[in-house]
């Protein structure tokens with residue numbers, strides 16, 4: 001289960017974006033027309049944690065994947081329903 005930690009957002013910015021403390025990654029999310037982000041120690045469904053130890057944000061899965069461990073369509077834990 002993904003745990004959210006709003007307290008881990010730092011006051012520092014990079015290109016106008018908030019950054020997370022060590023051990024947390026930035027997760028973008030959309031709710032209707034509202035885009036927001038938060039810090040988490042585990043990426044949510046539809047995103048993956050990059051293997052790079054210095055990664056600072058969760059990255060989206062390939063559009064063929066509902067859940068994945070990497071960026072390509074061959075790295076799906078679960079395929080998107082339309083991909084069959």
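If you take just the strands (runs of 3 or more DSSP E) that sit entirely in the stretch 1-59, which of them hold at least 2 residues that are under 24 Å from residue 69 (Cβ atoms), at pLDDT 70 or above and in contact with a helix residue (DSSP H, G or I) (Cβ under 8 Å, 6 or more places away or on another chain)? Write out each step before concluding.
Details: elements: 9-14, 17-20, 25-31, 34-40.
Passing ranges, in order: 34-40.
Given the criteria in a loop (DSSP other than H, G, I, E, B), surrounded by fewer than 11 Cβ atoms within 10 Å (Cβ to Cβ) and at pLDDT 65 or above, does residue 70 qualify?
Against the criterion (in a loop (DSSP other than H, G, I, E, B), surrounded by fewer than 11 Cβ atoms within 10 Å (Cβ to Cβ) and at pLDDT 65 or above), residue 70 does not qualify.
The values are calculated or read from the model by the stated rules, or taken from the named source; none is laboratory data. Keep in mind that this is a model prediction, so the values were computed, not measured. We place every Cβ from the backbone using ideal geometry, glycine too, and count neighbours over all the protein chains shown.
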